[in-house]
Amino acid sequence: MTYRAEYLWVDGTHPTPEVRSKTRILSDDQEPEIWGFDGSSTGQATGRDSDVALQPVFQCPDPIRGGNDILVLSETLLTSDLSPHPTNMRALTREVYDKYKDQEPLLGLEQEYTLLETLTGWPAGFPQGGFPPPQGPYYCGVGAVKIHGRDLIERHTTACIGAGLAISGTNAEVMPGQWEFQIGPLDPVTTADHVWVARYILFRLAEEHGVEVSIDPKPMRGDWNGAGMHTNFSTKSMRESWDPIIAACEALGRPDRLEEHLAGYGEGIEHRLTGEHETQRYDVYTWGISDRGASVRIPWQVNRDRKGYIEDRRPNANADPYNLTRLLTNTVCEALA
């Protein structure tokens, strides 16, 4: 008997990496082992030295194929010495997590995305060449006029649960055709692993529904909300007391860290972080309690309890989750050490 192992990896597409996959047929007595692919076709190698190795690091049931088939998330390695490939951001995140594991960092990521009609390229719910009524009724809305794509979203949620991913919620977002799913809270590496696998499942199911999934941070220019990946972060000390929460907010605003974080928070961030549509400008840093117009928000219940977590509202929907979890963990944990 045999089963299918779908190897997943993050490619070298610049500036926004994407998930790639290919299938390996294994006998029931085989475990997924190191494999490889043509890196010259994924922006990760030249044609003269094209092989890139795949090292399995996380696997789960394949909720689309079912049976004994599995998904195998892999790190990319150089074939010369099996060291991490330059595009392997997971390896960098592992290093940071290992350094600060004693602080028990936990993260929850809110992945926003937009469903696009394949023929028009416009968001689902937008009339061809025109615009729907203004934003207002679409966020967490109900009804065929307001909501588009729910069947796909329900299938995606069920599939993520079936795969054993830490999906913690989903909802329709502010712009028509825009949705969100949440992953976590988990440690920096595992959270990002689950987001990448959940992205793959979403893109794969969208094929069957005949729609395209966009993680463009501003798929519709003008008076429409962009798409972000708000990231919730805490350490053990933040979950126990108030002062570390304030210290975390201040650490994220340090001038020497602002540029680094924005560079790792996704391409086109200036188009989304305009100071409008529940954002602070990309070139301004603020934090506040229950303020969705701030760079970093302290939720109201955290202020009430004087302990908990913070929400970094700056990351784009198209950011690499490994970059988000690494940057937040490194900056905050260094400040709290």
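The numbers here are math on the coordinates, done by the rules we state, and not lab data. Everything numeric in this text was worked out from a predicted model, so none of it was measured. We place every Cβ from the backbone using ideal geometry, glycine too, and count neighbours over all the protein chains shown.
Assorted remarks:
- Straight-line cross-link reach from Lys146 at under 26 Å between alpha-carbon atoms covers these lysines, not counting any fewer than eight positions away in the same chain: Lys218.
- Label point at Gln128 placed 7 Å out along Cα→Cβ; residues across region 162-195 whose backbone nitrogen lies under 19 Å: 177
- Average Cα contact separation per residue, region 104-336, under 8 Å, 6 or more apart, as relative contact order %: 24
- Computed as a quarter of the hull surface, the mean projected area of the alpha carbon convex hull for region 7-124 stands at 11.1 nm².
- Using a Förster distance of 45 Å, the FRET efficiency for Thr23-Arg281 (Cβ separation, nearest 0.05): 0.50
- Over all other residues within a Cβ to Cβ distance under 15 Å of Asp187, the charged ones net out to +2, with Lys and Arg as +1 and Asp and Glu as -1.
- In a fully extended conformation the segment linking Thr158 and Thr16 would gain 48.4 nm over its present Cα-Cα distance, using 0.36 nm per residue.
- If you model the chain as an ellipsoid using its alpha carbon gyration tensor, with each semi-axis the square root of five times an eigenvalue, the axes come out at 31, 27, 19 Å, biggest first.
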